[in-house]
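The block underneath contains the structure these notes are about, expressed in structure tokens.
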Amino acid sequence: LFPLGFTARPVRRCPMASELARLLLACLFGTISLRSPSGYAGGAPKPLLVLIWDWPFRQALNLSGDVCATLYGIEGCWLTGDRSRYAQADVVAFHARELQQSRSGLPKSKPHPGQKWVWVSLESPSHTHTLSGWGGTEWNWVMTYRQDSDIFVPYGQLVPRGSATVAIPEKTGLAAWVVSNYHHSQERARVHRRLARHIRVDVFGKASGKPLCPACLLPTIAKYKFYLAFENSLAKDYITEKLWRNSLLAGTVPVVLGPPRANYERFLPAGAFIHVDDFGSAEQLGRFLATMNESSYRRFFEWRRSHAVKLYDDWRERFCLVCRQYPSLPQEKVYPSPESWFRN
């Protein structure tokens, strides 16, 4: 088996020589296993390499170290934003917002048959403008807030916890709303104007001229009994941080405007929120909020006895979820365009 003239002689008590001999044989017969970037030695499971083609919203992510394992307990997952590693990537994730701005930068083809392309969007269809005209682009998976996505990434969820007492922050105001972009034609703006005729609604955010610093947001909202968790679009499963962070995490009762009540009840208990559609008019809704007694109000917090709010607000965790769900993802699936699915 050895090349002509080569004589294999055992080397004793010389670890250095043994290692050199092993490397020589490995080179001759092609058996060297390269170490992966995340430190997995040859023989260990090869980690998935997920290439993030563009930083979401042009904000660079800190990917130093094995972030998926260290921060989120997801082993065997390596994230990179280095496009020079495109040919080695197992999965390439394309954020919809940047596709709209730099469509010409999309790769012309995949370097190997096993590579999967993921189309990523956490915006509603009405605020996503890169849906049509993608003929010839073979997207394998979609990653959105919708439960029927291949890779489901909600804005938040309730997670079980041990029994806990219900602590409700002290309230000094009735209703609050934080809004950055206010458009008079939006349904949420119309509902707010009608409701404000009957009860006081304190409005914060850039659109109101009273912006809140990030550290001020939750403490300010917590002082109010109700929060207007009004979505900017009414779309299937589109339930954002307005509910999860601004309302439930802050410790106030959400008054929601978005998909139908039944859709919300797929994510949280029916008694944890108030839906605008439950009332025939803004006047009825205002009267309900203004006259609620203490015992009725406290019942909206019963979910806190057994559950807590988990936010998914770090893009690194969102991309790490690609690896967690990878084993169960359909390997032969292809979307000619995300439009037919996302508009459904």
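Relative contact order for the range 185-344: what is it in percent, counting Cα pairs under 8 Å that are at least 6 residues apart? RCO, the range 185-344: 20 percent. A probe of 1.4 angstrom, applied to the heavy atoms of all protein chains, finds residue 319 with accessible area near 0 square angstrom. Across 57, 279, 273, the residue with the most accessible area heads the list, and the full order at a 1.4 Å probe is 57, 279, 273.
Per residue, the convex hull around the alpha carbon atoms of the range 166-271 comes to 107 Å³. Within the range 100-249, the percentage of alpha carbon pairs spaced more than 25 angstrom apart rounds to 47%. Residue 299 exposes around 140 Å² of accessible area when a 1.4 Å probe is run over every protein chain in place.
Remark: for residue pairs 225/310; 46/108; 210/310; 242/310; 206/310, the C-alpha separation exceeds 19 Å in 225/310; 46/108; 210/310; 206/310. The distance separating the Cα centre of the range 209-224 from that of the range 52-127 comes to 33 Å. Counting heavy atoms of the protein chains alone, residue 155 has an accessible area of about 30 Å² for a 1.4 Å probe. Shape index of the range 141-193: Rg/Rh, with Rg the Cα radius of gyration and Rh the Kirkwood radius from the inverse mean 1/r over Cα pairs, equals 1.13. For residue 253, the residues whose amide H sits under 5 Å from its own are 226, 227, ignoring neighbours fewer than 5 places away on the same chain, with H placed 1.01 Å from N. Of the residues 187, 317, the one with the largest accessible area comes first in the ranking 187, 317, computed with a 1.4 Å probe on protein heavy atoms. The listed residues 285, 174, 217, once ranked by accessible area (1.4 Å probe) with the largest placed first, stand as 174, 217, 285. At a Cα cut-off below 13 Å, give the aspartates and glutamates reachable from residue 110, other chains included and same-chain residues fewer than 8 away excluded. Here the aspartates and glutamates satisfying the reach criterion relative to residue 110 are 90, 138. Rounded to the nearest whole Hz, the Karplus-based 3J(HN,Hα) values (6.51 cos²θ - 1.76 cosθ + 1.60, θ = phi - 60°) of the range 334-340 follow the sequence 9, 10, x, 7, x, 4, 4, with x at glycine and proline.
The values are calculated or read from the model by the stated rules, or taken from the named source; none is laboratory data. Predicted model, so just to flag it, every value in this text is computed and none were measured. Side chains included, ligands, DNA and RNA excluded: accessible areas come from the protein's heavy atoms. Shrake-Rupley method; radii C 1.70, N 1.55, O 1.52, S 1.80 Å.
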